[in-house]
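The values are calculated or read from the model by the stated rules, or taken from the named source; none is laboratory data. Source: prediction; values computed, not measured. Methodologically, a virtual Cβ is constructed for each residue, glycine included, from the backbone with ideal geometry; neighbour enumeration extends over all protein chains shown. We work out accessible area using only protein heavy atoms, side chains counted, and drop any ligands, DNA or RNA first. Shrake-Rupley method; radii C 1.70, N 1.55, O 1.52, S 1.80 Å.
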Amino acid sequence: MTDFITRFAPSPTGHLHLGHAFSALTVFAAAQKAGGRFLLRIEDIDTIRCKPEFEEAIFEDLDWLGLEWEAPVRRQSEHFDAYRAGLERLKAMGVVYRCFKTRKEILEDIGRAPHHPGEGPEGVIYPGPAEPLSADAEAEKIAAGEPYAWRLSMAAVQQRLGDLSRLTFEETGEGPNGETGICAIQPDLIGDAILARKDIGTSYHLAVTLDDATQNISHVIRGQDLFFATTMHRILQALLDLPAAVYRHHDLLTGADGARFAKRDKAQTLRSLREAGAEAADIRQQLGFDW
Ligand code: GLU
């Protein structure tokens, strides 16, 4: 039995493009090299943007590309209960709070914060409300049916876990600024992030952390755009007492114009390349995988 388990975890919000192919091949090749297991996970918590036809297309495109994965495939939309249970544990610890604010109000709060925290790699850094909502005001808003999201309070996390700079992860690839080896997390770049969105009751961070643990993922291999998300994942692992994987963030593939591929670049989807006559072997070779 190998202890190397890794995964490719696309969201079915569009067709896979060359950037996804590069990522999937990188993960698959790492599993092959290590004699390990390769899992595919469908990250479809956003039930509005995710579509069954895109999920079907993911299977088809990856199969065409020459990848093989284990069945059954974990589909996040089938595990909302597990994410809810994770959130309940965090609530019981007192590290999350209800946030009723609109995006506009959040930006106003940030504007008033003493050390304007600005924009981090994960978006605006919300330092938390200047004043916590009183129990009465909160009860009133709940009774009035006002929507809210659950945010992780970095202050409460710090209180519970102590010095967060002691929390590290092993990076065997490279972060966007050359970070590698044993890396300290960077909570200052994150702020009070949303752990359960108003509409879906969970978030990417919570679902991915719980799933990686449930699936015994030993090596998380993914694009550099998610390097800073690792800070959130390590914090959640520490709070929920989950094991830390080894991380490897790979370069993001860029097109001829130097821009990253995006789902809107229709011409570069695997599907349109295939329809235009490309062979899977050519794509693999173009991306640097020669089998
Ligand atoms: N589902 C995420 C994405 O589509 C990837 C999650 C991960 O690898 O941690 O970008």
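Does ALA143 satisfy the condition of being under 20 Å from ILE194 (Cβ atoms) and exposed (fewer than 15 other Cβ atoms within 10 Å of the Cβ)?
Against the criterion (under 20 Å from ILE194 (Cβ atoms) and exposed (fewer than 15 other Cβ atoms within 10 Å of the Cβ)), ALA143 does not qualify.
Please work out which residue is farthest from the ligand (Cβ to nearest atom), limiting yourself to segment 221-251 and to residues that are within 24 Å of GLU88 (Cβ to Cβ) and among the small types (Gly, Ala, Ser).
Ranking the candidates gives ALA238 first.
Looking at segment 84-101, can you tell me whether even one residue there is more than 30 Å from PRO132 (Cα to Cα) and of a type in the set (A, V, I, L, M)? Walk me through how you get there before you give the answer.
First, pick out the residues of segment 84-101 that are more than 30 Å from PRO132 (Cα to Cα): none.
No, segment 84-101 has no match at all.
Which of the following residues is among the basic types (Lys, Arg), open to solvent by 50 Å² or more (accessible area, probe 1.4 Å) and under 19 Å from the mean Cα position of the chain (by Cα): ARG112, ARG74, ARG49, ARG103? Steps first, answer last, please.
On the way: ARG112 fails: under 19 Å from the mean Cα position of the chain (by Cα); ARG74 fails: open to solvent by 50 Å² or more (accessible area, probe 1.4 Å); ARG103 fails: under 19 Å from the mean Cα position of the chain (by Cα).
Going through ARG112, ARG74, ARG49, ARG103 in turn, the sole match is ARG49.
Would you mind stating whether SER11 is under 16 Å from the mean Cα position of the chain (by Cα), within 13 Å of the ligand (Cβ to nearest atom), open to solvent by 30 Å² or more (accessible area, probe 1.4 Å) and more than 17 Å from ALA213 (Cα to Cα)? So that I can check it myself, show each step before the final result.
On the way: under 16 Å from the mean Cα position of the chain (by Cα): yes; within 13 Å of the ligand (Cβ to nearest atom): yes; open to solvent by 30 Å² or more (accessible area, probe 1.4 Å): yes; more than 17 Å from ALA213 (Cα to Cα): yes.
Criteria met by SER11.
Looking at (1) in a helix (DSSP H, G or I); (2) within 12 Å of the ligand (Cβ to nearest atom); (3) open to solvent by 20 Å² or more (accessible area, probe 1.4 Å), find the lone condition where VAL208 falls short.
(3)
Please work out if PRO117 is of a type outside the set (Lys, Arg), surrounded by fewer than 17 Cβ atoms within 10 Å (Cβ to Cβ) and under 19 Å from ILE217 (Cβ atoms).
On the way: of a type outside the set (Lys, Arg): yes; surrounded by fewer than 17 Cβ atoms within 10 Å (Cβ to Cβ): yes; under 19 Å from ILE217 (Cβ atoms): no.
When the stated conditions are applied, PRO117 does not pass them.
What do you reckon, is GLU56 within 14 Å of the ligand (Cβ to nearest atom) and acidic (Asp, Glu)? Spell out the reasoning first.
On the way: within 14 Å of the ligand (Cβ to nearest atom): no; acidic (Asp, Glu): yes.
No.
Please enumerate the residues belonging to segment 27-53 that are farther than 26 Å from ALA196 by Cβ and within 11 Å of the ligand (Cβ to nearest atom). Spell out the reasoning first.
Restricting attention to segment 27-53, the residues satisfying the condition of being farther than 26 Å from ALA196 by Cβ are 27-38, 53.
Of everything in segment 27-53, just one residue is farther than 26 Å from ALA196 by Cβ and within 11 Å of the ligand (Cβ to nearest atom), namely VAL27.
In segment 1-49, which residues are of a type in the set (Val, Ile, Thr) and within 22 Å of ARG271 (Cα to Cα)? Lay out the reasoning, then the answer.
Residues of segment 1-49 that are of a type in the set (Val, Ile, Thr), as a first pass: 2, 5-6, 13, 26-27, 42, 45, 47-48.
Once the filter is applied, which keeps residues that are of a type in the set (Val, Ile, Thr) and within 22 Å of ARG271 (Cα to Cα), segment 1-49 yields THR13, THR26, VAL27, ILE42.
Restricting to segment 211-243, give me the number of residues that are open to solvent by 10 Å² or more (accessible area, probe 1.4 Å), more than 22 Å from ALA155 (Cα to Cα) and in a helix (DSSP H, G or I).
6
Does segment 194-205 contain at least one residue that is open to solvent by 50 Å² or more (accessible area, probe 1.4 Å), within 14 Å of the ligand (Cβ to nearest atom) and closer than 28 Å to ALA21 by Cβ? I'd like the intermediate steps shown before the answer.
Initial filter on segment 194-205 (open to solvent by 50 Å² or more (accessible area, probe 1.4 Å)): 194, 197-199, 204.
Narrowing the set further to residues that are within 14 Å of the ligand (Cβ to nearest atom) leaves 204.
Subset that is closer than 28 Å to ALA21 by Cβ: 204.
Yes: one or more hits.
Being under 16 Å from VAL220 (Cα atoms), touching a Lys or Arg at 6+ places or on another chain (Cβ under 6 Å) and hydroxyl-bearing (Ser, Thr, Tyr) is true for just one of THR168, THR172. Which residue is that? Working first, answer last.
Details: THR168 fails: touching a Lys or Arg at 6+ places or on another chain (Cβ under 6 Å).
Of THR168, THR172, the one residue that is under 16 Å from VAL220 (Cα atoms), touching a Lys or Arg at 6+ places or on another chain (Cβ under 6 Å) and hydroxyl-bearing (Ser, Thr, Tyr) is THR172.
Considering only residues of segment 15-26 that are modelled with pLDDT of 95 or more and open to solvent by less than 20 Å² (accessible area, probe 1.4 Å), which is nearest to the ligand (Cβ to nearest atom)?
Applying the filter and picking the extreme gives SER23.
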